[in-house]
């Protein structure tokens, strides 16, 4: 489905260590977005950041475990974004650490579906 014009951008700020039922929260969100038929989702990994705890986390080569900020962005029609947000909001109530979810207007200028090339045969 092609979306043009007015849409909504859902942006979720979490940590790469956040879990949902023993699974990465970011993966759970992306797979759920796909099941809900949303246009697409992107997970962006930050190299440095802080949240409501004010503790700065950064990628350093000497750290064995990295706790880094993640931003998940999902763009689709307003109604789909609203339904999806209602579905996932309870998941964040149980997180032991801070997070943030924002929704803003987006204007889609171009959405082009790429061709699916066969690698073999």
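FYI, it's all coordinate maths here, none of it is from the lab. Quick caveat, the model's predicted, so the values are computed rather than measured. Note: ideal-geometry Cβ built from the backbone for every residue, glycine included; neighbour counts use all protein chains shown.
Details
- Binned Cα-Cα distance frequencies in the chain - 5 Å width, integer %: 2, 10, 18, 20, 17, 13, 10, 7, 3, 1, 0
- Packing-based ranking of 47-58, 14-25 yields 14-25, 47-58, ordered from highest to lowest mean Cβ neighbour count within 10 Å.
- The angle between the Cα long axis of helix 25-35 and the longest principal axis of the Cα atoms of the chain comes to about 10 degrees, rounded to the nearest 10.
- Computed over the chain: relative contact order in percent, which uses C-alpha pairs under 8 Å that are six or more apart: 43
- Value of Rg/Rh across the range 73-121 [Cα atoms, Kirkwood radius]: 1.17
- Global size of the range 1-40: 12.5, 38 Å for Rg and Dmax (C-alpha atoms, Rg to one decimal, Dmax whole).
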